[in-house]
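Accompanying notes for the structure given below.
The values are calculated or read from the model by the stated rules, or taken from the named source; none is laboratory data. Bear in mind the structure is a predicted one, so any value in this text is a computation, not a measurement. As a convention, Cβ positions derive from the backbone with ideal geometry for all residues, glycine included, and neighbour counts pool all protein chains shown. Heavy atoms of the whole protein, side chains included, go into the accessibility calculation; ligands, DNA and RNA do not. Shrake-Rupley method; radii C 1.70, N 1.55, O 1.52, S 1.80 Å.
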Amino acid sequence: MVALITGATSGFGKAIAELFASKQWNLVLTGRRADRLHELADRLTKLYGVGVLPLVFDVRDRSAVEAVLGSMPLEYRALDVLVNNAGLAAGLATVQESDPEDWDVMIDTNVKGLLYVSRVIIPWMIERGTGHVINIGSTAAKDVYPSGSVYCATKHAVDAISKGMRIDLLPHGIKVTNVNPGAAETEFSLVRFKGDQERASKVYDGIDPIRAEDIAEVVYFAATRPPHIVLNDIIVTPLAQASSSYIHRKA
Ligand code: NDP
Ligand code: 8X3
């Protein structure tokens, strides 16, 4: 079995890679930080004896996505699973106060990047008559919180794209799953707050957040259901979270 996981240099993507490798899947791993990607690929190959192909590119760069994925060796093109995970939030601000550069980064990565990668991989799955696309959405795909309009919009878009893919891929027998995590302690908040560690750690004050490994288990479960069923849409939150905006924090 072969899976391609975007954004494998940290957080969910890295944990998904580790779990799939431990289950003897061969992997294609992507991200921009080459040092982390190569270290992970070497470690997983040594630990589990699986094949791991690290591919360094920015999902926002359509030419790079097409060129790098297009040059993948044939044995790795026989993909059983694509996990569209690479993504981020940039800033937390009202529409009237946001930096439009942050909007570009989020829309280009979370929406267009996911589409660019999918556009290359899905035809290979159609050709083989099998495959499974797993998109990482968010609770932010299901409702909207203050100062989060554009991040939430990108994740609502991922939700819509997953629904559309499901219809388009129905005749081809390709599964589409949307996994929507709530508050998870990864590098997500550090990236959102541009390296401000104190502000990032406050996001998880008074709650026991999701760990990256929790989401890896959900993705692996979805990827290993029998051929006749598919998990379409999964929402996972910490026990202390009811929705994007309702979080019960212990003092
Ligand atoms: P991390 O910041 O830990 O990981 C994000 C990953 O995405 C990194 O591997 C990063 O790699 C990659 N990435 C970001 N931008 C690009 C880009 N332009 N090109 C290629 N790769 C990119 O965050 P998470 O693991 O938490 O986030 C993973 C996904 O989960 C995202 O889509 C996020 O929106 C979503 N999510 C996160 C939640 C949370 O609370 N943590 C909750 C719900 C959803 P590199 O920088 O090396 O390129
Ligand atoms: C990331 C979680 O709550 O910041 O998708 O939207 S949240």
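Hey, can you tell me all the residues within segment 116-140 that are over 16 Å from T6 (Cα atoms), part of a helix (DSSP H, G or I), touching a residue at least 40 places away in the same chain (Cβ under 8 Å) and not β-branched (V, I, T)? Result: W124, M125, R128, A140. Across segment 161-174, the qualifying residues are those that are of a type outside the set (D, E) and out of contact with any helix residue (DSSP H, G or I) (no Cβ under 8 Å at 6 or more places or on another chain), and the one among them that is least open to solvent (accessible area, probe 1.4 Å) is S162.
Filtering segment 130-160 to residues that are open to solvent by 50 Å² or more (accessible area, probe 1.4 Å) and either within 12 Å of ligand 1 (Cβ to nearest atom) or small (G, A, S) (or both) leaves K142, A153, A160.
The C-beta contact set for segment 79-106 (first residue more than 16 Å from ligand 1 (Cβ to nearest atom), second residue among the acidic types (D, E), distance under 8 angstrom, 6+ apart or interchain) comprises A93/D99; A93/D102.
Is at least one residue of segment 11-18 in contact (Cβ under 8 Å) with a residue 60 or more places away in the chain, under 19 Å from the mean Cα position of the chain (by Cα) and more than 17 Å from V81 (Cβ to Cβ)? Full working, then the answer.
Step one: filter segment 11-18 for residues in contact (Cβ under 8 Å) with a residue 60 or more places away in the chain, giving 11-16, 18.
Next, from what is left, pick out any that are under 19 Å from the mean Cα position of the chain (by Cα): 11-16, 18.
Narrowing the set further to residues that are more than 17 Å from V81 (Cβ to Cβ) leaves 11.
Yes: one or more hits.
Looking only at residues of segment 89-115 that are open to solvent by 50 Å² or more (accessible area, probe 1.4 Å) and in a helix (DSSP H, G or I), we find that the one that is farthest from K194 (Cα to Cα) is L115. Pairs linking a residue in segment 31-50 that is more than 15 Å from ligand 1 (Cβ to nearest atom) and of a type in the set (G, A, S) to a residue that is open to solvent by 90 Å² or more (accessible area, probe 1.4 Å) and at pLDDT 95 or above, with Cβ atoms under 9 Å and 6 or more positions apart or on different chains, are G49/Q24. Got at least one residue in segment 23-37 being over 19 Å from the mean Cα position of the chain (by Cα) and either more than 17 Å from A222 (Cβ to Cβ) or buried (at least 21 other Cβ atoms within 10 Å of the Cβ) (or both)? There is at least one residue in segment 23-37 that is over 19 Å from the mean Cα position of the chain (by Cα) and either more than 17 Å from A222 (Cβ to Cβ) or buried (at least 21 other Cβ atoms within 10 Å of the Cβ) (or both). Among helices (runs of 4 or more DSSP H) entirely within segment 147-251, having at least 3 residues that are touching a residue at least 12 places away in the same chain (Cβ under 8 Å) singles out 149-169, 188-192, 212-223. Of the residues that make up segment 54-65, is at least one at pLDDT 95 or above, assigned to a strand (DSSP E or B), closer than 19 Å to H132 by Cα and more than 16 Å from ligand 2 (Cβ to nearest atom)? Looking through segment 54-65, none of the residues is at pLDDT 95 or above, assigned to a strand (DSSP E or B), closer than 19 Å to H132 by Cα and more than 16 Å from ligand 2 (Cβ to nearest atom).
Could you list all residues from segment 66-88 that are under 17 Å from A3 (Cα atoms) and either within 16 Å of ligand 2 (Cβ to nearest atom) or part of a strand (DSSP E or B) (or both)? Don't jump to the end; show me each part of the working.
Taking segment 66-88 first, the residues under 17 Å from A3 (Cα atoms) are 68-86.
Across segment 66-88, the qualifying residues are V81, L82, V83, N84, N85, A86.
Against the condition open to solvent by less than 70 Å² (accessible area, probe 1.4 Å) and modelled with pLDDT under 95, how does S244 come out, does it pass?
Working: open to solvent by less than 70 Å² (accessible area, probe 1.4 Å): yes; modelled with pLDDT under 95: yes.
Criteria met by S244.
Residues in segment 56-78 that are closer than 20 Å to E187 by Cβ and either among the aliphatic types (A, V, I, L, M) or free of Cβ contacts under 8 Å to residues at least 24 places away in the same chain (or both) were compared, and the one that is most open to solvent (accessible area, probe 1.4 Å) is V56.
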